[in-house]
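J.: Mind having a look at this structure? Questions to follow.
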Amino acid sequence: MNEILERYEELYEDMATSGNKEKMIAFGEAEKCIFHKLAKEHPAIAQMWLDKLEAMHWKNYLSKQEAEEIANRLVNQNGRMGAHWGYETFKAAVESLGGKMSDKPFYNCYALWITANMIYSDHAQSVAEDMGASTPEAVPGEKMALSMYKKAVEKLKDTDRPKFVRGYFGV
């Protein structure tokens, strides 16, 4: 098994560093062939592969599965585990405020959702105090959601770190 993986890595490096269009096409055709077989026999693994490739088209991209795994690891300032807002709840709040869940090429909907929850997780208390409240629970839900949405969009569009989300969460 290790020999197969090592040989794959060698061939990939040769293709990736050669600049040779013929090698790139040959590698791509081999990948396509195997991907079609994988999609038929193991659709969940094929979806994971596709999600990794989809990230090429975005500055900040997370798949639904990646986002849900990250959400489960968040630890809020009050010690509660998980996302403050579930995806559907957050989406409804953003849409009711006239916001955009995805803004290509900056972020997709799951990157936005996780970033807003991460900001809440890390900064809810200070944001509440900035709004004149003593606790996050004292801030009206829509007002807190709007604040976290705006901060998440700013973070995901920040030119200092345009590809923030995948590196931050180690995906």
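No value in this document is a laboratory result; all are computed from the given coordinates. All of these numbers come straight from a predicted model, not from anything done at the bench. Don't worry about glycine lacking a Cβ; one is built from the backbone with ideal geometry, like all the others, and counts go over all protein chains shown.
J.: I'm checking my understanding of the structure. Among residues of segment 84-98 that are in contact (Cβ under 8 Å) with a residue 12 or more places away in the chain and in a helix (DSSP H, G or I), which one is nearest to Glu142 (Cα to Cα)?
T.: Ala93
J.: Is it true that Ala145 is over 21 Å from Ile70 (Cα atoms), buried (at least 17 other Cβ atoms within 10 Å of the Cβ), out of contact with any Leu (no Cβ under 6 Å at 6 or more places or on another chain) and touching a residue at least 12 places away in the same chain (Cβ under 8 Å)?
T.: no
J.: Just need a number here: residues in segment 98-134 that are aliphatic (A, V, I, L, M) and under 24 Å from Ser63 (Cα atoms). Outline the logic, then answer.
T.: Narrowing segment 98-134 to residues aliphatic (A, V, I, L, M): 101, 111-112, 114, 116, 118-119, 124, 127-128, 131, 133.
Going one step further and asking which of them are under 24 Å from Ser63 (Cα atoms), we end up with 101, 111-112, 114, 116, 118-119.
Summing the residues that are aliphatic (A, V, I, L, M) and under 24 Å from Ser63 (Cα atoms) in segment 98-134 gives 7.
J.: So which residues in segment 1-60 are exposed (fewer than 11 other Cβ atoms within 10 Å of the Cβ), among the hydrophobic types (A, V, I, L, M, F, W, C) and assigned to a loop (DSSP other than H, G, I, E, B)?
T.: Once the filter is applied, which keeps residues that are exposed (fewer than 11 other Cβ atoms within 10 Å of the Cβ), among the hydrophobic types (A, V, I, L, M, F, W, C) and assigned to a loop (DSSP other than H, G, I, E, B), segment 1-60 yields only Met1.
J.: Continuing with the same structure: If only one of Met101, Met81, Met131, Met118 is buried (at least 20 other Cβ atoms within 10 Å of the Cβ) and either at negative phi or without any contact (Cβ under 8 Å) to a residue 40 or more places away in the chain (or both), which one is it?
T.: Numbers: Met101 fails: buried (at least 20 other Cβ atoms within 10 Å of the Cβ); Met81 fails: buried (at least 20 other Cβ atoms within 10 Å of the Cβ); Met131 fails: buried (at least 20 other Cβ atoms within 10 Å of the Cβ).
Criteria check complete, one pass: Met118.
J.: Residue check: is Leu74 within 30 Å of Glu31 (Cβ to Cβ) and surrounded by fewer than 22 Cβ atoms within 10 Å (Cβ to Cβ)? Quick ask: steps written out before the conclusion?
T.: Details: within 30 Å of Glu31 (Cβ to Cβ): no; surrounded by fewer than 22 Cβ atoms within 10 Å (Cβ to Cβ): yes.
In short, no.
J.: State whether the residues of segment 105-113 include one that is crowded, with 22+ Cβ neighbours inside 10 Å and more than 21 Å from Val75 (Cβ to Cβ). Give the derivation first.
T.: Residues of segment 105-113 that are crowded, with 22+ Cβ neighbours inside 10 Å, as a first pass: 107-108, 110-113.
Applying the additional criterion that residues be more than 21 Å from Val75 (Cβ to Cβ) yields 107-108.
Yes, segment 105-113 contains at least one residue that is crowded, with 22+ Cβ neighbours inside 10 Å and more than 21 Å from Val75 (Cβ to Cβ).
J.: Further question: Working only within segment 155-171, note down all residues that are surrounded by fewer than 12 Cβ atoms within 10 Å (Cβ to Cβ) and over 11 Å from Glu66 (Cα atoms). Working first, answer last.
T.: Applying the first criterion (surrounded by fewer than 12 Cβ atoms within 10 Å (Cβ to Cβ)) to segment 155-171 yields 159-160, 167, 170.
Of everything in segment 155-171, those that are surrounded by fewer than 12 Cβ atoms within 10 Å (Cβ to Cβ) and over 11 Å from Glu66 (Cα atoms) turn out to be Thr159, Asp160, Gly167.
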